[in-house]
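Taken together, the values in this text are just the output of simple stated rules run on the coordinates, not laboratory data. Values in this document were obtained by computation on a predicted structure and should not be read as measured data. Please note: Cβ atoms are built from the backbone with ideal geometry, for glycine as well, and neighbour counts cover all protein chains shown.
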Amino acid sequence: MWRVFAAVLLFVAPAFAQEESATAYEALRVVGTEVGRGALNHVVSITGVEGNPQPAKWKIVLEDPDGRGLRELDVSDGKIDSEHRPGRSVAGSTEGATIDTSRLNLDSSGAYEVASHTAELSHANFATVDYTLRTDERGEPIWIVTLLSGSSRPVGTLHIGAMRGTVKRTEGLFAGATVEDVEDDSDSDENNGPFRGVKRRIKDTFHRTQDEARDMFDRVKRSFTDFINRG
């Protein structure tokens, strides 16, 4: 009897070990279920820390439709754990900066795949991931993914468009090269200076990252509208 019980434990334990925390989309679905689908039209930002790869808790900031400010919801274990008024500044502006969820095509799981692959190309090792989803200066939804070492020190940060999966900016990776950097070939320092070979390699690697991120996006693309309508 005990042998059978032990065998069952050995079978069940790995299943629990493999259970992953919720993605950002799944946390938003909890908000839509408990607060109402209308709340999803007032999302200002979504944050999660120490993801491995997904965080245990998501913080979702909502703009109060009656103009009373912001609400911050903590979502974990498939439910809203707490609700309060944020006592600090939050990512994004309250003035017209709510996220248009119909333009979301990249869940946090997809953002992780893009960030992880980019880190690999940059030879950057990391242990956990911090996530922020908000709007950029153009009002487009963007993932800001920060890679952290085992001692919780930042290794690098990526800005990934949540609509098309484009890596728009990196910090700490590829010497901080941006799309503007790699498209500007008029830099006289690169053409004539002692670091021109290094800069060329950075640009080549960044271009490769852009191409591979686009290919990966085709695989991890996930429409939030389709996700939430499936219930």
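Once backbone amide H atoms are built at 1.01 Å from N, D100 has no partners under 5 Å, excluding neighbours fewer than 5 places away on the same chain. Proximity of backbone amide H atoms, modeled 1.01 Å from N, is registered between G156 and L147 at under 5 Å, excluding neighbours fewer than 5 places apart on the same chain. A simple spin-label model places pseudo-atoms 7 Å from Cα toward Cβ; at D211 and H123 they are separated by 2.1 nm. Proximity of backbone amide H atoms, modeled 1.01 Å from N, is registered between M163 and N105 at under 5 Å, excluding neighbours fewer than 5 places apart on the same chain.
Can you tally the net charge around L62? Count Lys and Arg as +1, Asp and Glu as -1, for every other residue whose Cβ sits under 9 Å from the Cβ of L62.
-2
Stokes-Einstein at 10 °C, 1.306 mPa s, Kirkwood radius from Cα pairs: D for the range 19-162 in µm² s⁻¹? If you can, show how the numbers build up before the last one.
Details: Rh = 15.4 Å.
Approximately 103 µm²/s, per Stokes-Einstein.
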